[in-house]
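Colleague: Mind having a look at this structure? Questions to follow.
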């Protein structure tokens, strides 16, 4: 007897790169590319961006700087990144009567469904022979520069808007990644560039794209309507227009949007995760403005819009109502002048001033308002400075 245990399971061999790619495509990813796990030269740009303060209140980015620059600090032994993307292009998303929502947030919360898809990929690859515990990944929740990794792996090229554009699928991309200890052969960079096009810079409502490839988040509507807490500067409120959550302008004007395979898909033509959330199909801006905590906690389950918080969403709704200028919103906005949320009180005052600076509720609220910032908003509304 040789002493070998002929009943023992034979460990599977490592999956080939093409097997990995095939499994990922089978799970519903539209693009799968391999590349380095670190951001390369993009890391220096990230540091300069942080030093310029362009991250605003997103302190978690500065706090994770070292781990972002060197993924081995939080995932020892990592060698490669399996970069993944889903094309979420489609028709514009908005509430009835006004209130636009960035397309990526119109359906099921991508933090959930995309993370689940990455987790299933990891399970499949472990079953194919990659060591258990040798991979880590997700979407928008791990300390990596997703766009940098995607560009380095050839998911797409870096656009002047600082987004990633796939020459085959366009700019509407949900990115995810799975970092692995495997040494995977890197894919070639994606062909194409923005060339002389400056459509995104020209169309940005707030001038947040301060130069090609440079975005000041503090001016970006995707930051002010989602990440920023408290008051938004009046000039940015006006530029917000109808955007309740996020902004798609730099994507909408990009010529590569025509490449999105899902651009014309509606309703049940779309994958289940990308179909409109019931909230998008049934709510109005007044519903958002007047919702209480219980309704927020119940109705906003399963949507990425929760990121803005109830306070932020109500603030945004007041801003949009002010920009729309519909006098039918005045009664609800006047009620908000007595709300416990000081930011909502101040933003509602600004919105009322945009619609009717002579509204009787403004001086009454000013006489009773204890907060200095809200007082300033009320005075500005009465003076017609909104």
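Colleague: I want to verify the translational diffusion coefficient of region 80-188 in µm²/s; compute it with Stokes-Einstein, Rh as the Kirkwood radius over Cα pairs, at 25 °C and 0.890 mPa s.
Modeller: Estimated via Stokes-Einstein, D reaches 162 µm²/s.
Colleague: Report the gain in length on full extension from residue 281 to residue 376: 0.36 nm times residue separation, minus Cα-Cα distance, nm rounded to one decimal.
Modeller: Going from the current span to full extension adds 30.6 nm.
Colleague: Okay, moving on. When the Cα atoms of region 76-136 are enclosed in a convex hull and the volume is divided per residue, what value in Å³ results?
Modeller: Convex hull volume per residue, Cα atoms: 105 Å³.
Colleague: Rounding to the nearest 10 and keeping the result within 0 to 90°, find how far the Cα-based axis of helix 17-26 lies from the longest principal axis of the chain.
Modeller: Approximately 40 degrees, to the nearest ten.
Colleague: Moving on. Does region 283-386 classify as rounded, prolate or oblate by the C-alpha gyration tensor (a ≥ b ≥ c root eigenvalues; a/c under 1.5 gives rounded; else a/b over b/c gives prolate, otherwise oblate)?
Modeller: Cα axes put region 283-386 in the prolate bin.
Colleague: Taking only the alpha-carbon positions of region 11-56 and ignoring solvent, what does the Debye formula give for the base-10 log of I(q)/I(0) at q = 0.16 Å⁻¹?
Modeller: With no solvent term, the Cα-only Debye profile gives -0.67.
Colleague: How do 57-65, 77-85 rank on mean C-beta neighbours within 10 Å, highest first?
Modeller: So the peptides 57-65, 77-85, ranked by packing, come out 77-85, 57-65.
Colleague: Suppose a student asked you for the relative contact order of region 17-276, using Cα pairs under 8 Å spaced at least 6 residues apart; what percent would you report?
Modeller: 27
Colleague: Now a separate question. Treating the chain as a set of equal point scatterers at the Cα positions, no solvent, please give the Debye-formula log₁₀ I(q)/I(0) at q = 0.07, 0.12 Å⁻¹.
Modeller: Values returned for q = 0.07, 0.12 Å⁻¹ are -0.37, -0.96.
Colleague: Specify, per residue and in Å³, the volume enclosed by the convex hull of the alpha carbon atoms belonging to region 272-325.
Modeller: 84
Colleague: Treating the Cα atoms of region 198-338 as identical point scatterers in vacuum, please give the log10 of the normalised Debye intensity I(q)/I(0) at q = 0.12 Å⁻¹, two decimals.
Modeller: -0.58
Colleague: Hey, what angle do you get for helix 342-355 against the long axis of the chain, alpha-carbon based, 0 to 90 degrees rounded to 10?
Modeller: 60
Colleague: What whole-number volume per residue, in cubic angstrom, does the convex hull of the C-alpha atoms of region 154-268 give?
Modeller: Cα-based convex hull of region 154-268, divided per residue, equals 157 Å³.
Colleague: When ranked by the protection proxy of mean other Cβ atoms within 10 Å per residue, highest first, what sequence do the peptides 23-35, 290-302 form?
Modeller: 23-35, 290-302
Colleague: For region 35-141, would you read off the P(r) tail past 18 Å as a percentage of all alpha carbon pairs?
Modeller: 65
Colleague: What is the extension gain from residue 27 to residue 295, computed as 0.36 nm multiplied by their sequence separation minus the C-alpha to C-alpha distance, in nm to one decimal?
Modeller: Stretched fully, the residue 27-residue 295 segment lengthens by 93.1 nm.
Colleague: Also, quick follow-up: From Cα pairs below 8 angstrom and at least 6 apart in sequence, can you work out the relative contact order of region 298-356, rounded to a whole percent?
Modeller: 39
Colleague: On a 0 to 90° scale, report how tilted helix 309-324 is relative to the longest principal axis of the chain, with both axes built from alpha carbons and the result rounded to the nearest 10.
Modeller: Around 60 degrees separate the two axes.
Colleague: Using the basic label-point model (7 angstrom from Cα toward the beta carbon), what is the residue 67 to residue 266 distance in nanometres?
Modeller: So the label points at residue 67 and residue 266 sit 4.4 nm apart.
Colleague: Still on this structure, please answer the following. Quick check on the chain: helices-only [θ] at 222 nm, where DSSP H runs of length 4 and up contribute -39,500 (n - 2.57) each and the sum goes over total residues. Nearest 500, please.
Modeller: After summing the helix terms and dividing by the residues of the chain, the value is -10500 deg cm²/dmol.
Read-outs throughout are calculated quantities, based only on the coordinates presented, and are distinct from any laboratory measurement. Note that the structure is a prediction, hence the values are computed from the model and not measured. A quick note on method: Cβ atoms are made from the backbone with ideal geometry, for glycine too, and the neighbour counts reach across all protein chains shown.
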